[in-house]
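Remarks on the structure that follows.
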Amino acid sequence: MGDEVKTAAEVYEAAALPRMYEVHTDPDQAGSGDCALPKEVTDKPLREKSPAQWAYERVVLYLQKFEEQLDNDQEAAMGFAGGDAGVLRIEGMGYFDPDIITFYGTDPNGVKAQLVQHVGQLNVMLRALPKKTPDAPPKRIGFRLVANLDET
């Protein structure tokens, strides 16, 4: 008793190692082919992560890679897919187990905004926006989030 019956697909999916693979038109583009994942992402088995934690970790990695491509006059923002809600300058991100992801920030007018989204509805378009303060260094949230993965 207590043994849960699983389909072959569920067993295969649960046993799969996390892997990230990308191909770009520019062969010199960072991340082409297999991409190394941080130890913080691969240490904990997938079956021990909630859907929210697993989605959060992957979005964080995409955000960090996106920020690596920005110049010093740009910061990361997020366009809302499937609606007219606009753009959110990403200033924070989190998750609520088992299945909610949240993004914190401001819209282009500086109005505070927060998106709370179920992982099953997760659609994120990363965008580059000009910095709010041209003379200030760009804020890079993706790098801070990756550094904090070990703590989650």
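Before moving on, here are some points about what is shown:
- Looking across region 1-56 at every residue that is surrounded by fewer than 13 Cβ atoms within 10 Å (Cβ to Cβ) and hydroxyl-bearing (Ser, Thr, Tyr), the one that is modelled with the lowest pLDDT is identified as Tyr12.
- Each residue in region 100-131 was checked for being more than 14 Å from the chain's Cα centre (by Cα), surrounded by 13 or more Cβ atoms within 10 Å (Cβ to Cβ) and not in a strand (DSSP E or B), and 3 pass.
- Residue within region 74-81 that is among the charged types (D, E, K, R) and within 22 Å of Tyr21 (Cβ to Cβ) present: no
The values are calculated or read from the model by the stated rules, or taken from the named source; none is laboratory data. Worth saying up front: this structure is predicted, and the values here are computed from it rather than measured. Every residue, glycine among them, receives a Cβ derived from its backbone with ideal geometry; neighbour counts consider all protein chains shown.
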